[in-house]
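The values are calculated or read from the model by the stated rules, or taken from the named source; none is laboratory data. Computed from a predicted structure; not experimentally measured. Heads up, the Cβs are rebuilt from the backbone with ideal geometry, glycines too, and the neighbour counts pull from every protein chain shown.
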Amino acid sequence: MKFKLPKRCEYCAHKLVDGKCVNPDCIAYTKPETTTTETAGDSK
């Protein structure tokens, strides 16, 4: 039985979550978009 290594970011070697880096200090990090925020410019 082989030990399977988790996928890691190619830039900072942090573990990937859903294929994306979750390290805020990494250059490949993308801030997760929130779907609950509402834009204030729409209501007039």
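Assorted remarks:
- Inter-residue pairs, beta-carbon under 7 Å, first among the basic types (K, R) and in segment 4-25, second assigned to a loop (DSSP other than H, G, I, E, B), 6+ apart: R8/H14; K15/P6; K20/T30
- Filter result (in a loop (DSSP other than H, G, I, E, B) and of a type outside the set (S, T, N, Q)) within segment 8-25: C9, E10, Y11, C12, A13, H14, D18, G19, V22, P24, D25
- When residues of the chain are limited to those that are of a type in the set (S, T, Y) and modelled with pLDDT under 90, the one surrounded by the most Cβ atoms within 10 Å (Cβ to Cβ): Y29
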